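Participant: My structure is below; once you've seen it, I'll send some questions.
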Amino acid sequence: MSRARLMVSGVVMMAMACSGANQAAPDSGTPAASNAGKTFTIAMIAKSSTNPVFLSGQKGADAAAAELSKQNGMTVRVDWLTPPNEDATVQAQRIAQAVNSGANAILLSASDAGKLVGAVDEAVTRGVPVMTFDSDVPGSKRFSFYGGDDVMMGKQVMAELAKQMNEKGKIGIIAGNQNAPNLQKRVQGVREEAQKHPGITIINTFYHAETPQDAAAEVLRAQNAYPDLQGWAMIGGWPLFTRTLLTDLDPKKVKIVAVDALPVELAYIDKGLAPVLFAQPTYDWGYVSVKTIFDHVFLHKAVPEHVQMDLVRVSKENLGTWARQLQAWGFPDVDPKYLAMK
């Protein structure tokens, strides 16, 4: 075990040593009437509370909790313990905090899987089941993971970008946090797919802090360093959460295909700079995961070790339909002109 993992595990063990016994899950098949007064708490620890994709996951988690509360005559509560910025050490501390506070389960998206295996395993050992979403913790004792096939996601992005560029040109890969295992796999998928397109040349993979400003700045730095860059395979849509690239890149010269299609990003489809976005149903990160946790931990049902998430291809052809879906998921900032599209 690396020194970093030992230190994180030590922090978690000391914190958990002070905690009391966790609440036992109710028996399977408990009638709703007998659940009155019961509370089932899920601690949700995403990567960053400033990243809009995780805020949409929070919305989905809260919605699922409200539905389950009504259906089962009890209180199902989501305790949002996500740090403001990505930090695996802080996530490990929040895992310990969740156990100390008596959470019944933990839902986690890992910023650095290697640093969190020990924290996850300690939580499970102390009787608090852990499920992961978006970014897994392979090799840990978590019981399930909700997310896509990251290698396949990278391949989808690259195949679409090659099509939009007529199978030729130089591209860059925007890749976020270099330590996130899900993003590493997506980069792998981009590179594997690129080998099938001999007219495409990958200039470099560009890592950056996962904020819109840092990501957009990295794109512009790369464009200045490599003026002949004609395309971007973005395995996350971070740069598109700002309007910077709408004014600084020419859609006649540069094409973007990215993962994510939240309201602020739809302008990139409309302008043609990003003809296709592959949307993650980020609302379902919380919605599906909370229901899976409740089924497994409270109702003692068997659930898959990997709950598959599929991407949604969004282009001008279905922009209106997707905009209305986002609005239905509770996003208040969808541009009315997209809502009015067929």
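The values are calculated or read from the model by the stated rules, or taken from the named source; none is laboratory data. From a predicted model like this one, the values you see are computed outputs, not experimental measurements. Neighbour counts are summed over all protein chains in view; Cβ atoms, including those assigned to glycine, are modelled from backbone coordinates with ideal geometry. Surface accessibility is based on the protein's heavy atoms, side chains included, excluding ligands, DNA and RNA. Shrake-Rupley method; radii C 1.70, N 1.55, O 1.52, S 1.80 Å.
Participant: Among 188, 241, 208, which residue has its Cα positioned farthest towards the positive end of the charge dipole of the stretch 123-245, with +1 placed on the Cβ of Lys and Arg, -1 on the Cβ of Asp and Glu, and the dipole taken about the Cα centre?
Facilitator: Checking the options against the dipole of the stretch 123-245, the answer is 188.
Participant: Same structure again: Could you give the accessible area per residue of the chain, probe 1.4 Å, as a whole number in Å²?
Facilitator: 41 Å²
Participant: Report the extension gain between residue 77 and residue 250 in nm, rounded to one decimal, defined as 0.36 nm multiplied by the number of residues separating them, less their alpha carbon distance.
Facilitator: Residue separation times 0.36 nm, minus the Cα-Cα distance, leaves 57.6 nm.
Participant: Right, another one. Using 18 Å as the Cα-Cα cut-off, could you pick out the over-long pairs in 255/342; 168/252; 196/271?
Facilitator: 255/342; 196/271
Participant: Also, I was wondering about something else. Hey, quick one: spin label on residue 203, modelled 7 Å out along Cα-Cβ, who in the stretch 242-268 has an amide N within reach, i.e. under 14 Å?
Facilitator: Output list for this probe position: 249-250, 253-256.
Participant: Please name whichever of 106, 54, 298 sits farthest to the positive end of the charge dipole of the chain, dipole taken about the Cα centre and charges placed at Cβ: Lys and Arg +1, Asp and Glu -1.
Facilitator: Result: 54, furthest along the dipole toward the positive end.
Participant: Scan around residue 76 for amide H atoms under 5 Å from its own, H built in the peptide plane at 1.01 Å from N, and keep only partners 5 or more places away or cross-chain.
Facilitator: Amide H neighbours of residue 76: 40, 69.
Participant: Which of the listed residues, 148, 224, 43, is farthest toward the dipole's positive end in the chain, when Lys, Arg count +1 and Asp, Glu count -1 at the beta-carbon?
Facilitator: 224
Participant: Still on this structure, please answer the following. Can you list the lysines whose alpha carbon sits under 20 Å from that of residue 115, skipping same-chain ones fewer than 8 residues off?
Facilitator: 47, 141, 185
Participant: Moving on to the next point. Using alpha-carbon positions, what is the distance between the centroids of the stretch 96-137 and the stretch 224-281, in Å?
Facilitator: One Cα centre to the other: 34 Å.
Participant: Calculate what fraction, in whole %, of the accessible area of the stretch 183-267 sits on carbon and sulfur atoms when a 1.4 Å probe is rolled over the protein chains.
Facilitator: In the stretch 183-267, the share of accessible area belonging to carbon and sulfur is 48 percent.
Participant: So who's got an amide H within less than 5 Å of the one on residue 108, skipping anything under 5 residues away but keeping other chains? H placed 1.01 Å off N, in plane.
Facilitator: Residues meeting the criterion, in which the H sits 1.01 Å from N, are 45, 131, 132, 133.
Participant: I've got another one for you. Given the DSSP H assignment, sum -39500 (n - 2.57) over each helix run of at least 4 residues in the chain and divide by its residue total; what's the result at 222 nm in deg cm²/dmol, nearest 500?
Facilitator: Result for the chain: -13000 deg cm²/dmol, rounded to the nearest 500.
Participant: Using modelled amide H (1.01 Å from N, peptide plane; none on Pro or chain starts), what sits under 5 Å from the amide H of residue 306, excluding residues fewer than 5 places away?
Facilitator: 145
Participant: Oh, and also: Mind pulling the angle between the C-alpha long axis of helix 212-225 and the longest principal axis of the chain? Nearest 10 degrees, somewhere in 0 to 90.
Facilitator: 30 degrees
Participant: Just order 75-82, 330-337, 109-116 by mean Cβ neighbour count inside 10 Å, highest at the front, would you?
Facilitator: 109-116, 75-82, 330-337
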